[in-house]
Amino acid sequence: MDNLQSVSASVAEQWLEQAEFLSLNASLDYIDLIINLAGTDRTGRDMFCHMTPAIKYASLFEGMPEEGLKDEGAFVARLSWSEWQHRTFLVDLMRYWGGGSRLMLAITPLVFDEMKNQLLAMSQFEWENQTGIFRFYDSRIFPELFSHVLSEEQQALFTRIAFYWGWLDRDGIQTWKQGSMGPNSTIIPEPTKLTLTDRQIEIIGCISDAETLARSLYREETSRETTFRHCFDAALAASREGFWGELGEYVQQYEWFSELYSA
């Protein structure tokens, strides 16, 4: 289902200004974006290929079993700050796509094809004898990957290829995660796929369960991020205790639920 959620023009402009500042401060006249078109009525072809000046872009389904749907999945694109058409396009994306967890930014010195290859590798995971798409570019998931899911070595796959990762959180507040790549980094790491454990898969499931419940419990008197944090903590606790019922039933034991979310 299409979950586009627009943000105010002022939020988009402030995000654009900060993105440009960080890029130019790193001596880069461009910025990379990752956008997820799955479940929308847009394709990579109609979004990118008619832009003038031309935009470098690539599908993150390339070479996967899902390649037949590559024009409808996630894409990485590189926009130039010196081209006003690219700037206008980017602020429109920030305005109309940034609040729906579909848009992430990356500030990196890697040439485009190198960055694309890194992202292609990290968009896939192996688990036991199975493989799948790793949608790290969903900004609802990205922070928890670092705080709860990925090992230090796996986190380095993301931090080593960028100066910064950027996104809007659930409340429309811009967030930047600094990478470990330095200004003098010259060694390009080999693209690496992720191998996940049973516990990592279980925690990712907790994130999904918490997100679903948080959307149903949200009230205006608290932030969306706060609601999610409550639900995610509860999902982790339920997982540790071996509770296999509905998460909505489990959270009813908490004081925050009775104070804020009970009818």
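The values are calculated or read from the model by the stated rules, or taken from the named source; none is laboratory data. The structure presented is a predicted model; accordingly, all values stated were derived computationally and were not measured. Neighbour counts run over all protein chains shown; Cβ positions are idealised from the backbone, glycine included.
Those strands (runs of 3 or more DSSP E) of the stretch 18-115 in which at least 3 residues are touching a residue at least 40 places away in the same chain (Cβ under 8 Å) and over 20 Å from ARG170 (Cβ atoms), considering only elements entirely within it, cover 30-36, 74-80. Taken over the stretch 116-134, the criterion of being of a type in the set (Ser, Thr, Tyr) and either part of a strand (DSSP E or B) or not assigned by TED's automatic domain parsing to the domain that holds ALA162 (or both) is satisfied by THR131 alone.
For the stretch 50-60, the condition holds for at least one residue, the condition being that it is assigned by TED's automatic domain parsing to the domain that holds PHE112, small (Gly, Ala, Ser) and buried (at least 17 other Cβ atoms within 10 Å of the Cβ).
Residues are listed down the side, and each one gets a yes or a no for (1) outside the structural domain of PHE134 (by TED's automatic domain parsing); (2) part of a helix (DSSP H, G or I); (3) touching a Lys or Arg at 6+ places or on another chain (Cβ under 6 Å):
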residue	(1), (2), (3)
LEU157	no, yes, no
ASP171	no, no, yes
LYS177	no, no, no
ILE207	yes, yes, no
ALA210	yes, yes, no
LEU213	yes, yes, no
PHE232	yes, yes, no
LEU236	yes, yes, no
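Taking the stated definitions as given, is ARG219 outside any helix (DSSP H, G or I) and over 30 Å from SER23 (Cα atoms)? Judged against the criteria, ARG219 is a match.
Residues in the stretch 208-223 that are closer than 15 Å to SER258 by Cα and exposed (fewer than 14 other Cβ atoms within 10 Å of the Cβ) were compared, and the one that is modelled with the lowest pLDDT is GLU221.
Filtered by the rule that a residue be in contact with a helix residue (DSSP H, G or I) (Cβ under 6 Å, 6 or more places away or on another chain) and surrounded by 16 or more Cβ atoms within 10 Å (Cβ to Cβ), the stretch 167-190 gives LEU168, ASP169, ARG170, GLY172, GLN174, GLY179. Could you check the stretch 92-148 and list, in sequence order, the residues that are of a type in the set (Lys, Arg), surrounded by 19 or more Cβ atoms within 10 Å (Cβ to Cβ) and either farther than 19 Å from ILE31 by Cβ or touching a Pro at 6+ places or on another chain (Cβ under 8 Å) (or both)? Of everything in the stretch 92-148, just one residue is of a type in the set (Lys, Arg), surrounded by 19 or more Cβ atoms within 10 Å (Cβ to Cβ) and either farther than 19 Å from ILE31 by Cβ or touching a Pro at 6+ places or on another chain (Cβ under 8 Å) (or both), namely ARG140. Every condition in (1) small (Gly, Ala, Ser); (2) surrounded by 19 or more Cβ atoms within 10 Å (Cβ to Cβ); (3) free of Cβ contacts under 8 Å to residues at least 40 places away in the same chain holds for ALA156 except the one numbered (2).
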